[in-house]
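Structure first, commentary second.
Taken together, the values in this text are just the output of simple stated rules run on the coordinates, not laboratory data. Not measured: the values here are computed from a predicted model.
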Amino acid sequence: VQVPSGPLGCHHSGEQPDPFKQHSLLCNQRRSDLNRRACARLRCHHTLAAQQQRPFAHTPLDAILHFASPASPIDYLELPIQTLKVGSLGTHNALGLALAKGARFLLASTSEVYGDPLMHPQNESYWGNVNPIGPRGVYDEAKRFAEAMTMAYHRSHGVDTRIVRIFN
């Protein structure tokens, strides 16, 4: 599980539905993103340090849940490069791990892939209205790239992928 410090990753991961209680969670989270109080309920058997090399080398994995990303405008405006890196490099690394382990991959995306939509509500065939060089573009484009990379791994390598678009 790659989790952000915000409510989605911490609260979702901390309250596992009954079918998941029998499984172990390995959490890969950067210390700079860690909100200890919000994540106090996160029930991980191991939390991996960001500096640890190849933390999953000898660990079988069934699924990778990629929830990592600064989601608050305050956060992604303060951390524009980190936001782009987690959407690109973080997604690429997590998908590479899914491929190597034969694990299912789930990407938590967002309605921000539509940018400032010209239609409401948006359906899956709507491509959006994004300003890639505006201040909010770092978040929108990171999510769009993450979705594109996820589908590229699915089409090119046969990785079992899922994308969930969470709406505000």
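Brief remarks follow.
- The length gained by stretching the chain between Glu124 and Ser72 to full extension, at 0.36 nm per residue less their Cα-Cα distance, is 16.4 nm.
- What the pair-distance distribution of region 51-168 shows, using all Cα-Cα distances binned every 10 Å from zero, is 14, 43, 32, 10, 1 percent.
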